[in-house]
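Only the coordinates and a few stated rules stand behind these numbers; no lab work does. Every value quoted in this text rests on a predicted model; they were computed, and no experiment measured them. Counting neighbours? That spans all protein chains shown, and the Cβs are built from the backbone with ideal geometry, glycine included.
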């Protein structure tokens with residue numbers, strides 16, 4: 001009985017499918033995919049892995065099918081991204097981004113002119129704070145209210161305070177821009193690196209920023225709320241700080257139109273440890 005001929009082309013394709021699908025699963029289960037894309041891309045990565053593994057099963061039935069001409073160049077379509085993913089990568093840091101600041105309006109998908117009409121407001125009178133309490137407040141006293149705010153971690157409506165955790169930075173940035181009047185007068189505590197740009201900000205302003213990824217690593221940009229602080233010029237650029245202050249609404253004019261922008265009037269700033277990873281809007 002004649003033995004079936006081994007097909008090297010199908011075998012090479014099978015290897016590419018296995019490696020590519022395996023890497024997708026590894027990146028998802030290890031969480032390392034977040035260095036490349038946002039969390040909402042996770043289902044698509046799973047789908048890609050399933051497709052690759054399905055092709056592996058189909059290729060097994062063709063592995064011993066005779067083929068006179070062996071072609072392998074098309075395998076580079078998968079081999080090249082596999083090799084790129086296997087290369088060592090490091091998380092981009094703040095020193096890689098000297099500009100390209102984006103505000104929360106961009107992340108929240110709002111049109112400033114249409115959705116942020118200027119309104120009269122009274123700036124809050126602030127009392128100096130001696131220390132910053134970064135503990136997430138307990139809001140379970142009011143069960144009904146807690147149930148309606150489960151998607152807003154760190155919100156204490158009783159004391160009008162927002163404690164922004166490292167994981168909820170992007171979410172709160174979008175939320176505050178979308179509902180700025182709702183949070184006007186709230187005390188906010190957030191951590192970020194000192195971002196200053198003389199072309200965008202005044203001498204008494206800086207942004208406690210994080211690198212925010214809207215879709216993939218290619219669109220990383222520093223983002224945050226503008227913070228007014230009398231000693232902003234003394235803060236070292238790219239240093240990490242925890243800011244406590246009061247949210248207020250600042251009116252500004254751009255190309256003949258007036259807009260509203262939620263900002264922070266700082267009452268206390270202390271040094272903070274660097275936060276690894278990126279922030280993602282929700």
For this session: Quickly work out the residue 179-to-residue 54 label distance, labels modelled 7 Å from Cα along the C-beta direction, and quote it in nm with one decimal.
Result: 4.0
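Based on the Cα coordinates of segment 234-279, what is the per residue volume of their convex hull in Å³? Please list the in-between numbers first.
Values: hull volume 6.3 nm³, N = 46.
Hull volume normalised by residue count: 137 Å³.
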Problem set entry | Per-peptide average of other Cβ atoms within 10 Å, ordering 157-163, 238-244 highest first | 238-244, 157-163
Exercise. How would you order 208-215, 78-85 from highest to lowest mean count of nearby Cβ atoms within 10 Å?
Worked result: 208-215, 78-85
For this session: Could you give me the percent of Cα pairs per 5 Å distance bin for segment 1-62, shortest bin first, beginning at zero and ending with the bin that holds the maximum distance?
Result: 4, 19, 23, 17, 13, 10, 7, 4, 2, 2, 1, 0
